[in-house]
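Have a look at the structure below before the remarks.
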Amino acid sequence: MYVIDPGQQFVYEFEINSRAGTYWFHPHPHGRTGVQLYRGLSGLFIVEDDKESRAGLPNYEYELTWVLQDRRFNQDNQLVYTTNHMQMMMGHYGDRILVNGLSNHVEEVANTAYRIRIFNGSNARFYKLAWNDGRPMKAIGTDGGLLEQPLDKPYVMLAPAERIEIYLDLGDTQVGDNIILQSHAFEGGMMMGMGGMGRMRGMMGMN
Ligand SMILES: [Cu+2]
């Protein structure tokens with residue numbers, strides 16, 4: 001909430017009294033929040049506690065964190081943020097979906113269980129997320145931390161700023177298999193989906 005001029009810094013200090021979960025932060029300057037976010041001023045903030053660490057979830061080595069953002073680039077590969085009337089009303093949409101800043105994000109994984117934190121850091125786009133092989137999206141957490149019970153869903157919707165935690169057991173896969181996180185189309189105004197974004201493949205024996 002404080003204006004920081006170029007080259008200056010401000011150190012925030014605050015006590016964390018939230019339960020374990022995947023949180024995020026971004027600046028809130030009046031009328032400029034959208035563009036500042038678009039240009040990269042946001043980040044995840046992961047809170048842990050003892051209760052969560054007793055839940056027996058995969059440890060750090062088997063934890064993945066994906067930030068989904070749609071962006072638009074010009075011929076010089078620079079970010080484009082347009083504010084025409086429609087974008088002002090509907091929010092800004094990009095024509096490329098990035099995962100952690102990459103347009104074709106691939107994770108090399110082992111055939112074991114993973115905990116995946118997914119954050120929709122897009123300005124306006126909703127995602128309807130599902131695995132390409134039809135396995136359920138096993139949700140174990142949301143914005144507010146872990147759920148009481150895992151929930152198996154054919155897909156999950158993720159609105160801007162929302163977070164979800166997915167449990168993915170790859171114990172049934174073979175080396176060389178690919179599993180793709182897809183964003184499906186759905187009805188509803190401008191919120192069209194786009195095809196495969198995150199892609200994962202078996203790790204052992206591959207470069
Ligand atoms: Cu905010």
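Here, each number is a calculation from the coordinates, and none is a lab measurement. Note that this is a predicted model, so its numbers are computed, not measured. All Cβ positions, even for glycine, are placed from backbone atoms using ideal geometry, and neighbour counts span all protein chains on display.
With a 10 Å cut-off between alpha carbons and a GNM built on the chain, which of ILE46, ILE140, ILE166 moves the most?
Ranking ILE46, ILE140, ILE166 by mean-square fluctuation puts ILE46 first.
Amide H to amide H, which residues 5 or more places from HIS105 or on other chains are under 5 Å from it, using H placed in the peptide plane?
Counting only residues 5 or more places away or on other chains, the set is VAL99, ARG199.
With springs only between Cα atoms under 10 Å apart, run a GNM on the chain and tell me which of GLU48, GLU162, GLU61 wobbles the most.
Of the options given, GLU61 has the highest mean-square fluctuation.
Along its principal axes, what span do the Cα atoms of segment 21-202 show, with the longest given first and each in whole Å?
If we take the Cα atoms of segment 21-202, the spans are 48, 36, 31 Å.
Straight-line reach from LYS138: which lysines have a Cα under 16 Å away, not including same-chain ones fewer than 8 places off?
Filter leaves LYS128, LYS153.
Explain nothing, just the number: relative contact order of the chain, from Cα pairs under 8 Å at least 6 residues apart, as a whole percent. Present the calculation step by step, with values, prior to reporting the outcome.
Working: 417 pairs, mean separation 42.3, N = 207.
Over the chain, the number comes to 20 percent.
What does the C-alpha gyration tensor say about the overall shape of segment 1-117? Classify as rounded when a/c is under 1.5, otherwise prolate if a/b is larger than b/c, or oblate.
On the way: a/c = 2.46, a/b = 1.35, b/c = 1.82.
Note, shape of segment 1-117 comes out oblate.
Test of understanding: in a Gaussian network model of the chain with alpha carbons linked when under 10 Å, which of PHE186, PHE14, PHE73 would top the mean-square fluctuation ranking?
Taking springs between Cα atoms under 10 Å, the residue moving most is PHE14.
Under a Cβ-only charge scheme (Lys and Arg +1, Asp and Glu -1), can you give me the dipole magnitude of the chain about the Cα centre, in debye to the nearest 20? Please list the in-between numbers first.
On the way: 18 positive and 24 negative charges, 123 e Å.
That gives the chain a dipole magnitude of about 600 debye.
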